[in-house]
Amino acid sequence: KQDDERDKDKADRATSEQVLDQRTRMILLQMINRGAVSEVHGAISTGKEANVYGAVSYDEETGAATQRAVKVYKTAILVFKDRERYITGEHRFKGGFDKGNSRKMVKLWAEKEYRNLRRIHGAGIPSPEPLALKLHVLVMGFLGDGKGWAYPRLRDANLKGDDVDQQWQSLYAQLLGTMRRMYQVCKLVHADLSEYNILYHDGQLYIIDVSQSVEPDHPRSLEFLRMDIKNVGDFFRRKGVDTLPDRAIFNFITVPEGPVEEPGMAEAIAKLYETRPSAANEEEAAAEEVDTEVFRNQYIPQTLEQVYDIEKDVKKLGLGEGSDLVYSKLLADQVVAPKPEGEGEEADQDASEDESEEGASLGS
Ligand code: ADP
Ligand code: MG
């Protein structure tokens, strides 16, 4: 059994090399037979978690070629281990997943990207159109020119003209509007938003790489949103853009009242600039900076479980403290004094749950 496991491991790792493994080739062949794509070309991008290939689909009648992008998730285990935090706690994936089965996991990621793209593209946000999905292979619309050149990432965008500063400023506003629309209409937080996962063409931003995006009810969605806001702000500030404070953007994105499409959103953003404290006043500027820092480090509880640290509180009660706890009466009967540090069964359990590779199922 040990040997089988090792062979399987080897086979899984093969996908993480540049060559396509047998299973992936079979899936691509099937997709070709079904007409989702006609030809698969070279890699546009080889990443830690996935490779993206250029592809072409020929119209059966006219023969006209349409570019496609094919994202192939890698079945290597290690990278995905870290991504569990995005799935745990999301109701769409209740029951978690079998950490021991990397194939299932990559299938889940491809599925998640497909479903999130459907929502985002469906809401009219510029993004790849999801076209076909089979196991860990996703076919989507190609963001690039007719010759197969993909649009540059925002990071590499080469803006031209004598109003470049103004262009950056308006791209920033465009992105804030997109983030709000994504949150309010798609009910999604990107959760890996940065200049690397946005493509740029002709004044337009395109959102990509959404397999890790989560719904607002995910226990860490607001934390991810705050991270997205910080990344976006950092990037645009480097481009000389006059950015808004993180907290103001956070409110702009999450407040349900207000417009969810243009030109309303751009107007709402303009209003945020008008009403903000003047940065000319040094004191106010310093206060704002402190506030942003506080905001970034603030803990935003979203569920009762987060508000109440049950384990810690139980310990407190066990030590005869905790009369200040709101639920002290509720718990008082059930409490058993905790074991000394190091021998706690809870600690042991935690450790064994973290061991993901050995086929241990997370269960529900
Ligand atoms: P990763 O998980 O590896 O970051 P991404 O979805 O970000 O995967 O894609 C990696 C790169 O592949 C992108 O930076 C972009 O250059 C290219 N790419 C991805 N999707 C498309 C697409 N639909 N059209 C054109 N290029 C794409
Ligand atoms: Mg990416």
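Observations on the structure shown:
- Accessible area of the range 129-284 belonging to carbon and sulfur atoms, whole % at 1.4 Å probe: 50
- The share of accessible area on the range 24-76 that comes from carbon and sulfur is 48 percent, using a 1.4 angstrom probe.
- The slack between Thr254 and Met26, meaning 0.36 nm per residue of separation minus the straight C-alpha distance, is 77.7 nm.
- The range 190-243, relative contact order [Cα under 8 Å, separation at least 6], %: 41
- Heavy-atom accessible surface of His41, to the nearest 10 Å², is about 90 Å², with a 1.4 Å probe and all protein chains retained.
- Projected label points at Glu61 and Gln167, each 7 Å from Cα along the beta carbon direction, are separated by 3.9 nanometres.
The values are calculated or read from the model by the stated rules, or taken from the named source; none is laboratory data. Keep in mind the model is a prediction, meaning the values are calculated, not measured. Quick reminder, even Gly has a Cβ in these numbers, built from the backbone with ideal geometry, and neighbours come from all protein chains shown. Heads up: the accessible areas ignore ligands, DNA and RNA and are worked out on the full protein's heavy atoms, side chains in. Shrake-Rupley method; radii C 1.70, N 1.55, O 1.52, S 1.80 Å.
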